[in-house]
Structure formats: structure tokens, C-alpha cells
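K.L.:
One structure is given below, represented as C-alpha cells, and several questions about it will come after.
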Amino acid sequence: MALNINLYVHGVPMGQKTWGVLREDDNFIGNFYSHKWPAKELMQVDIMECKGKVYSYYTFVKGQNVMGYDNRTGSYFALTIRMDAYYADLQNMYKILSAAYEKMCIGSLVQKQGEGIKFIVQDFAVMDTELKRIENHIISYIGEFSNNKDLVSFSGFKTNSLLPVQTENLLECDNAKALNTVKATGKISVSPYYPSKEVKELISKNEDEMQKLRQMTSQQINEAHEKASQQIRNIESKAKEDIASARRQASEEMTRLKSQYSTVDKQINELEQKLKQEKERSKQLQKELRNELEQKLEQEKLRTKQLQKEVKELTTSLKQAKDNVSTPHVNADCNNNPHQGFDNKRRGILSSTLPFLNTLIIVGVASFLIWKTPSDNSQELTKISANIAEIKDQISGKKAQVVETRKQDKKNVTDKLSNAKIYITGANYLSLGAPSKVVVKDASGKPVKTGEWTTSDKDATVKNNQDGTALITAKKSGTMEITYTVGSNKTTKTVTVK
């Protein structure tokens, strides 16, 4: 029986490359790309119909630990023989292709590297002459060591099958068994690395036992999970009750503080209003006193001017009188007047006492002005100043009380930090190398904003947002402690970094 035989070489040295593949088989060969192979070496048989003709394909595959020319992993290398008949002696075909690989491909197309192989060419086209030699050798060998009983027509064979491929150990797969499998499913895969029948039976037995163990374990896990879930629900319920109680207490405390602050603020406002009124009153009295003094001073000035005018007039009159009596006409009759000496003496006294009278009048006027200075308003101002000082003392006392109360309230809030918790937003773990947001909240659920963040990972970066949150970038995988500290109090959470 004349055979038409073709050799296809394909693999992934740098992307999938092929040699000798006919265009009509491009899709079939393309299916080998990115395939997951169950053994490091195998031969797969496929029966395919193409353009009205049926062919058998024997593909020898090295599919594990294969590295590309560019050192990429996940490659494969394969030799495929296409024939227009079914070659029944699978073990002989496996030996032919395995020998061609070992003797002709290693060293020219690939090289061994540890437990695997590595491509030493970027494209099979550069080895065209060598590949034609390999093809001729394989065809010659098949023709020389085969006879007609090894070739079977495709009558009754399933083609282009979508069924899963059946795997058989090469040493246990005889020709009859392989023929029946290929006819029924259109494919078969054989390899000396597939488990033997005995191993399969042991695996099946172990699988049954494993299945029973899985079921039992699954049941125990479900029971434990349900028990743990119930405990978690109980803990969550208790935590919710504690949180609700803490929030009620915090709300009541805030209400009390607001009421206390409101009362103190009201008293301070009243005192400040009273102080403002007293200052206004003082200012008004000072203005009235100044106006009154200015008016009285103006009046006294006018009276002083009037008195000065009267004194001046009196002085003028007295001077005229003096002039009239200072130069009398003396005659003989006057010398004989017995009162003449007394009148002269009186005029002398009046002349000498006139300046003294003038001075006495001026002093009297000044004494009158001093005596008339009002003092009632000064006494009122003194009283107002005393009231203002008393109000200021009261305001200072209230403010000191408020400061002390707020210090105590702040201490109470700080003491409650032991009930605060750290939360991670968006996940229950920190992402390695990426910023993760964390927040600390007090028992009432509000962010705590006055503390500092630290971590047990010295290489981690911490950006404190000063609002109760932080962005933490972990640099090491595993577990890490996050701590938030306010004064002498702190809360810590252990998180996973991955």
C-alpha cells in the first residue's frame, strides 16, 4: 500500500514557528500553541478529515520544561507525521519519532538544559536542509520496517472529534486496544510517563478514599464554620450592644457638657454685657461730669470777669476819691479846723489798705471756685470702677472654670481611647507596595484626630493625614502591627500584608 507521508516540525522558539506544514493544516497545528501537556513527553494520534480526505497525525511532543530561544518558559517542541492511512503499530511509531528527536533534533534545533531543553534557533526555516534530511530518513525508515498489516484504512473511524483525549501508558497499550480507542474517539495519547493500569487502579482506590475523606472533612469544616459563624455573630451582637451603649453614654455626656458650657457661656455673656453697660455708664458719667465742670468753669470765669470789673470800677472810684482828698486847698481857716488832722489820717489809711482789699477779693473768688468744685460724680465713678473690677474678676473665674472643665473632658476622652479601634477601608489586609488607608475611631464611631501612627515595619511609610486617617505603604509581606497613640494611651491592630 503506497503511503503519502509528510513531516511537520513546530514549536515556540520565538513565537510559534512551523516547517513543512501545508496550508490546509494550519489550524490543526495552531491548536498546539499554549496547550497544557499532561506529561513531559508523549505522542498524540488524531484522525482528521481535510478537504474530503482523511489523514492520521502522529505528533511527538516535548511539552514540559521547554525554554524558548529568548529564555521564555512555557514553550513546546513537536514532530508530526501526516499519513493517508492509520499506522497500527503505535509503539514502533513512538520509537521512530523519539529516535529522530534524540539523534537529529538535539544539537541542531534544541539542546538539553538541566531537566528540560532550550531552543538554539529562532526559526526552523534556517535549518531547512537539515529538516529535509530528517524527513527523508523518517519516511525511509517507516517504509523499510513496515508492512501492509500495519496499515489500516479509515473505514469506521471517527474524525475531527471534540471528545476528550484518552491517555494510555505506552508499555500497556497494545495495537488492538489503541485501534479500538482511536476508532471510537478519533484520538489517543500514549506516553511511558502516563500511570500504568495498576497505578490507575491504586489512584482510583485512593481517590475513592480521598473523596470519602473530603466529604467527612467538608462536613467537619461546615460544622466548625457554622459554630465559628455563630460565635462571630454572638461577638458582633455583643460588640454592637457595647458600641450602642458607648454611643448613648457619649451622647449623654456630650449633652451634659453642652448644657454646662451653655450655662457658663450664658453667665459669661451676661457678665460681659453688664461690664459693657457699666463701661458705657462710666463713659456717660465722665462725659456729663466733664460738661458740668466745663459749664461751671465757664460760669465762674464769667463771674470772675464780673467781679474783676466791679473791683476795677471800685478801684477807679477809690482812686478818684483819693485824688480828690490828696490835694486839698489849705487856707487859714482850715488850720483852725479841729477835725482837719483826723480827715488826713483817714485818707492815709484808706490809701494804704486799698491794694489789700483788692487782693482779698481775688483770693475770696478763687476760694469760692475751689469750694464749688463738684465731687458727687467722682464718687459715682469710683463706685462704677469698683463694679467693673468685680465683674472682671467674675469673668476670669468663669473662664478659669471652663478651661479646667474642658481639660477634664479632654482627659476623659483620652482615657476612652482604650475602646478605640483601627479599621482598614476597602479590605481586611494591606496591599504590598501600594498605599492603604486606615482609620481609627472611638467608641462612638467618630475618628480620633489627635494621635500619631506607627508600624512594626520600619521600612513602611506612614502619611498621617491629621484627621484620624493615614496612608500606609507596606514594604514587606506577612504580618505587621499598626499602632495609634494619644498621650499615654494606644491601640494596636495586627494586619496581613500581601
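K.L.:
Determine, for each peptide in 82-95, 172-185, the mean count of other beta carbons within 10 angstrom over its residues, then list the peptides with the highest first.
P.N.:
82-95, 172-185
K.L.:
Let me ask something additional. Counting only the heavy atoms of the protein chains, how much of Ile391 is accessible to a 1.4 Å probe, in Å² to the nearest 10?
P.N.:
Only protein atoms counted, so the area is about 10 Å².
K.L.:
Leaving ligands, DNA and RNA out of it, rank Glu24, Glu223, Glu135 by accessible area with a 1.4 Å probe, largest first.
P.N.:
Descending order: Glu223, Glu24, Glu135.
K.L.:
Let me ask something else. How big is the Kirkwood radius of region 241-319, worked out from every pair of different alpha carbons and given in Å to one decimal?
P.N.:
Radius from the Kirkwood sum: 18.9 Å.
K.L.:
Just to verify a number: FRET efficiency for Gln295 and Asp467, C-beta to C-beta distance, R0 = 56 Å, to 0.05?
P.N.:
So the FRET efficiency works out to roughly 0.30.
K.L.:
Report, ordered by chain and residue number, the lysines lying within cross-link reach of Lys149, taken as a straight Cα distance under 26 Å and ignoring same-chain residues fewer than 8 apart.
P.N.:
Lys149 reaches Lys53, Lys95, Lys158, Lys177, Lys183, Lys187.
K.L.:
Between Ala246 and Gln16, 0.36 nm times their residue separation minus their Cα-Cα distance comes to what?
P.N.:
Residue separation times 0.36 nm, minus the Cα-Cα distance, leaves 76.1 nm.
K.L.:
Summing Lys, Arg as +1 and Asp, Glu as -1, what charge do residues with Cβ under 11 Å from the Cβ of Val152 carry, Val152 excluded?
P.N.:
Here the count lands on 0.
K.L.:
For region 151-171 and region 213-233, what is the separation of their C-alpha centers, rounded to whole Å?
P.N.:
About 46 Å separates the Cα centre of region 151-171 from the one of region 213-233.
K.L.:
Explain nothing, just the number: dipole magnitude of region 145-280 about its Cα centre with +1 on each Lys and Arg Cβ and -1 on each Asp and Glu Cβ, in debye rounded to the nearest 20.
P.N.:
Here region 145-280 has a charge dipole of around 320 debye.
K.L.:
Still on this model: By how many nm would the segment from Glu236 to Thr217 grow when fully extended, if each residue of separation counts as 0.36 nm and the alpha-carbon distance is taken off?
P.N.:
Once the chain is fully extended between Glu236 and Thr217, it gains 4.1 nm.
K.L.:
If ligands, DNA and RNA are left out, what is the accessible area of Thr479 with a 1.4 Å probe, given in Å² to the nearest 10?
P.N.:
110
K.L.:
Separate question: For region 56-107 and region 257-320, compute the distance between their C-alpha centroids and round to whole Å.
P.N.:
122
K.L.:
Can you list the residues of region 166-182 with backbone N under 20 Å from a point 7 Å past the Cα of Asp208, pointing along Cα to Cβ?
P.N.:
none
K.L.:
Once fully extended, how much extra length lies between Ile106 and Val126, figured as 0.36 nm per residue of separation less the alpha-carbon to alpha-carbon distance?
P.N.:
Fully extending the segment from Ile106 to Val126 adds 5.7 nm.
K.L.:
Let me ask another. Heavy atoms only, 1.4 Å probe, whole protein assembly: order Phe28, Phe60 by accessible area, highest first.
P.N.:
Result of the area sort, largest leading: Phe28, Phe60.
K.L.:
Moving to a separate point now. Note down the accessible area of Lys283, probe 1.4 Å, to the nearest 10 Å².
P.N.:
The accessible area comes out at roughly 140 Å².
K.L.:
At 4 °C and 1.567 mPa s, what whole-number value in µm²/s does Stokes-Einstein give for the translational diffusion of region 162-201, with Rh from the Kirkwood sum over Cα pairs?
P.N.:
124
The values are calculated or read from the model by the stated rules, or taken from the named source; none is laboratory data. Note that the structure is predicted; figures quoted are calculated from it, not measured. Note: ideal-geometry Cβ built from the backbone for every residue, glycine included; neighbour counts use all protein chains shown. Keep in mind that these areas ignore ligands, DNA and RNA; they rest on the heavy atoms of the full protein, side chains included. Shrake-Rupley method; radii C 1.70, N 1.55, O 1.52, S 1.80 Å.
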